[in-house]
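The values are calculated or read from the model by the stated rules, or taken from the named source; none is laboratory data. The model shown is predicted, which means the values in this text are computed figures rather than measured ones. Here the Cβ positions follow ideal geometry from the backbone for every residue, glycine too, while neighbour counts run over all protein chains shown.
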Amino acid sequence: MRRSLRRLFLAAFVCVILAAVGVYWLTAWSNTPDYDGRRSVFIPRHASFDAVTDSLVNAGVVDNANSFVLFATATGWGDQVKAGHYSIPAGLSNKELLSILRRGLQEPVKVVIPPGSRKEVVAAVVAKNMEFSARDFLSALGDTTLASELGTDTTNLFGFMLPETYSFYWLTDAPTVVRKVKEYFDAFYAKEYSGKPLGIELSPEEVVNVASIVEWESGHDEERPAIAGVYLNRLRDRWRLQADPTVQYAILEAEGSKRRLFFRDYDIDHPYNTYKYGGLPPGPVTNPSPSAIRAVLHPDTHGYYYFVANGDGTHAFSRTLREHNAAASRFYAIQRARRASGN
């Protein structure tokens, strides 16, 4: 009898120990593989718990799916998982991992807006790291109500998409991203603005318009203030801008891509063609970088009205048409020599 009681007690003790070990295994034992840094998991809106589990397993975050599901079911926490982007460190238990997911402790994602790009390119790049689509972003840029709220119009709104690296939560919608970027631009502009560039009163839209042309003219930040000075001199003295990027924009709209310009292209009847129409084009030809905007707000003061490529990425500046034609002839000679040599 006494021996039977001892065996019963021992069996009960073993059961308690096993139960405790099982609870510890489900609750506190690491169920995340060993890895360096963190791993990202994206959980869409309205995802089922099975889909959530699959996402965690596919991301290499959960080691034992069965224990994860068992713990989530036993606690009811599986029904409380929130959508979003999560950055998960190694060594988490089921309890710790589900605690992050049910509390919605998300990590922002990086959104890079590239400079000097078309709307469609920027939309694709932005949407790559967000839940919304490129079409959603383009729709936000074309939303007249949103543009009005931001103090501009849909023709100019894209120009305010300042090229920078931003942080957003993955589920942030496209209109909010556009709004936040425009607010960032406004803060940047207020900091950089110091008065009329070369004595000309320009609105932010007009500054961005000129800057978008400067952006396409040169990739050399150091000469952008000189290029901006040329265009501002022309605007001030009511000369036509005669800016090649505006012709490129017309070709881009008609043909879908940029290419080398021919003399016949300068006669294209398009509202953005500043060889045919005076003043600024109706809107920016691209989204200018901070350096291009600074160049327009702080241009070089000089007497140049012309510039032409040197053939090495830089430009030669001229005061008179005679000087400009001579510089252009030198450039064309370089181009002919390159074509003749096959370069």
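Candidates Val210, Val247: the one that is within 23 Å of the chain's Cα centre (by Cα) and either on the phi < 0 side of the Ramachandran plot or not hydrophobic (A, V, I, L, M, F, W, C) (or both) is Val210. Scanning the range 217-245 for residues being of a type in the set (Phe, Trp, Tyr) and surrounded by 21 or more Cβ atoms within 10 Å (Cβ to Cβ) gives a total of 1.
Screening Glu253, Glu223, Glu201 for residues that are in a helix (DSSP H, G or I), in the same structural domain as Arg264 (by TED's automatic domain parsing) and either over 16 Å from Ser291 (Cα atoms) or under 22 Å from the mean Cα position of the chain (by Cα) (or both) leaves exactly one candidate, Glu253.
Checked against (1) among the aromatic types (Phe, Trp, Tyr); (2) more than 23 Å from Leu261 (Cβ to Cβ); (3) not in a helix (DSSP H, G or I), Phe185 passes all but a single condition, namely (3). In the range 139-156, how many residues are assigned to a helix (DSSP H, G or I) and either hydroxyl-bearing (Ser, Thr, Tyr) or modelled with pLDDT under 95 (or both)? The total comes to 6. Tell me whether the range 177-199 contains one or more residues that are crowded, with 21+ Cβ neighbours inside 10 Å, within 28 Å of Gln106 (Cβ to Cβ) and out of contact with any strand residue (DSSP E or B) (no Cβ under 7 Å at 6 or more places or on another chain). Checked against the condition, which is being crowded, with 21+ Cβ neighbours inside 10 Å, within 28 Å of Gln106 (Cβ to Cβ) and out of contact with any strand residue (DSSP E or B) (no Cβ under 7 Å at 6 or more places or on another chain), the range 177-199 yields at least one hit.
Could you tell me how many of the residues in the range 267-292 are outside any helix (DSSP H, G or I), buried (at least 22 other Cβ atoms within 10 Å of the Cβ) and among the hydrophobic types (A, V, I, L, M, F, W, C)? Total satisfying the criteria: 1.
Of the helices (runs of 4 or more DSSP H) that lie entirely inside the range 49-138, not one contains 3 or more residues that are among the hydroxyl-bearing types (Ser, Thr, Tyr) and farther than 25 Å from Pro33 by Cα. The set of residues from the range 293-313 being closer than 17 Å to Lys182 by Cα and crowded, with 24+ Cβ neighbours inside 10 Å comprises just one member, Ile293.
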